[in-house]
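Working notes, beginning with the structure itself.
The values are calculated or read from the model by the stated rules, or taken from the named source; none is laboratory data. Quick caveat: nothing in here was measured; it's all calculated off a predicted structure. Note: ideal-geometry Cβ built from the backbone for every residue, glycine included; neighbour counts use all protein chains shown.
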Amino acid sequence: MTSRTRPAMALAAVLLAAATGCADGGGPAGGAPTPEATARPGSAPPAVPSAAPGGASAPAGFTLVASGDVLPHDSIIRRAAADAGGDGYDFAPMLSGVKPVVSQADLAICHMETVYGKDGGPYTGYPAFKSPPEVAVALKATGYDSCSTASNHTLDDGAAGLGRTLDALDRAGVRHAGSARTEAEAAEPTLLKAGGATVAQLAYTYDTNGYPLPEGQPWAVKLLDESKVIADARAARAAGADVVVVSVHWGTEWQTEPDERQLSLGRALTASQSGGRPDIDLIIGTHAHVPQAYEKVNGTWIVYGMGDQIAGDMINHQGAFDPRGNQGSIGRFTFAPPSSAGGRWEVTKAEFVPQWFDTGRGRVVNLGAADGGDPRHPGIRETIRQVVLSRGADKDGLVMGK
């Protein structure tokens, strides 16, 4: 996903954006992986049975939040430089508005769409992104535990960019899924702890913008394939996962309705079972630039698209500024342990938190908690709400959170 400069551009640039779908509209200038995600102070696990089947103590439930594309265009990089006061890049202030939502969850997942450049740069936005590695530090500071890293931009700087990105996330203490530096790393599911559960995060992308997989590294980026996703989910379950979360970079850019592939693949993945238990417990989508619906399919929640979390002013495929490119949501799901041995961890509460990236201020705004001081907020919040609920998710209990 991407966006371009808001002023009028050369025709070639407009055509390029239409081909790849990710460009910036300008805006103001300016370690080893941690083994688990621990419960956050102030988080409120759901009520759970006092005892598990057989009399043992029941594992604790947990809350999981997931958010949309982090897409640092040139204007975002300039803003981070300004926020750092001339000493490097600081992306944490941009995310401060959603830090309470993210940090109070037991497990928080982001989508890191771009790859990182070398320390000191140069750093670039659209069309071939190389972001400052300081993004990873800000994600950790905001409270993110893991990020999906499979996107159409994962190979923008080849195997080197992929490796730098995962190295930086490791140093920051942020886990990752969807791309890999070695075949062994690619074969291992990303396992995280949340409450009393082991959660697997798997991640896939529909394409890599035509960039071929690095020579001799067919495992470097996980490409979206139904049979592969199901096999990986079953392998993650065999490796000890109580809950399997699948992050997917998919869909049609600038289209709020999920496309036919999203719908058909969503149905197939949520229908897959082993031993009477679903193989996948949650699907979270990115890529379309705009908010898309939430829907419960075959008893499993799907977020077709969360929209962009951080991005510059966005230009759509018609070459017009499109404010929807800075609108999105955070999904928040409360899981309770199974009521019987070998059963499924159930989502007992499903919420969406509307969010908006204010490109003028360079800040993410939690519209669910907005105080009404900005007259633009109610209209943006309602636009997001209508899209999120457009497939009837409210009938299955989805509510707007703060």
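Go through (1) more than 16 Å from the chain's Cα centre (by Cα); (2) on the phi < 0 side of the Ramachandran plot and name the single condition residue 195 misses.
It fails just one condition, (2).
Report every pair of residues separated by at least 6 positions or lying on different chains whose Cβ atoms are under 7 Å apart, first residue within the range 365-381 and closer than 21 Å to residue 102 by Cα and part of a helix (DSSP H, G or I), second small (Gly, Ala, Ser) and at pLDDT below 95.
377/370
If you take the residues in the range 312-329 that are out of contact with any Phe, Trp or Tyr (no Cβ under 7 Å at 6 or more places or on another chain) and in a strand (DSSP E or B), which one is modelled with the lowest pLDDT?
Looking at the filtered set, the residue picked out is 321.
With the requirement that a residue be out of contact with any Phe, Trp or Tyr (no Cβ under 7 Å at 6 or more places or on another chain), assigned to a loop (DSSP other than H, G, I, E, B), within 16 Å of residue 24 (Cα to Cα) and of a type outside the set (Asp, Glu), what does the range 94-148 give you?
Within the range 94-148, 123, 125, 126, 127, 128, 129 qualify.
Contact list please: Cβ distance under 7 Å, first residue in the range 207-228 and closer than 24 Å to residue 265 by Cα, second residue assigned to a loop (DSSP other than H, G, I, E, B) and among the polar types (S, T, N, Q), pairs at least six apart or on different chains.
207/152; 208/152; 208/154; 209/152; 221/154; 221/208
Please determine, by comparing only the residues of the range 168-192 that are in a loop (DSSP other than H, G, I, E, B) and either farther than 23 Å from residue 286 by Cα or among the charged types (D, E, K, R) (or both), which one is farthest from the chain's Cα centre (by Cα). Quick ask: steps written out before the conclusion?
Looking only at the range 168-192, we keep the residues that are in a loop (DSSP other than H, G, I, E, B), and these are 173-174, 178, 180-182, 188-189.
This time we only want the ones that are either farther than 23 Å from residue 286 by Cα or among the charged types (D, E, K, R) (or both), so: 181-182, 188.
Values: 181: 21, 182: 23, 188: 20 Å.
Taking the candidates together, the pick is 182.
Identify all residues within the range 377-392 that are buried (at least 19 other Cβ atoms within 10 Å of the Cβ) and closer than 15 Å to residue 330 by Cβ; write none if there are none.
380, 381, 384, 387, 388
Out of the residues in the range 345-373 that are over 30 Å from residue 244 (Cα atoms) and at pLDDT 95 or above, which is surrounded by the most Cβ atoms within 10 Å (Cβ to Cβ)?
Residue satisfying both the conditions and the ranking: 359.
Which one of the conditions (1) part of a strand (DSSP E or B); (2) surrounded by fewer than 23 Cβ atoms within 10 Å (Cβ to Cβ) does residue 268 fail to meet, given that it meets all the rest?
So the condition that residue 268 fails would be (1).
It is to be established whether one or more residues within the range 149-167 are crowded, with 23+ Cβ neighbours inside 10 Å and in a strand (DSSP E or B).
There is no residue in the range 149-167 that is crowded, with 23+ Cβ neighbours inside 10 Å and in a strand (DSSP E or B).
Checking residue 246 against (1) over 30 Å from residue 316 (Cβ atoms); (2) in a strand (DSSP E or B); (3) not basic (Lys, Arg), which test does it fail?
(1)
Say we look at the range 182-208 and pick out the residues that are of a type in the set (Ser, Thr, Tyr) and closer than 18 Å to residue 162 by Cα; which of these is surrounded by the most Cβ atoms within 10 Å (Cβ to Cβ)?
The selected residue is 205.
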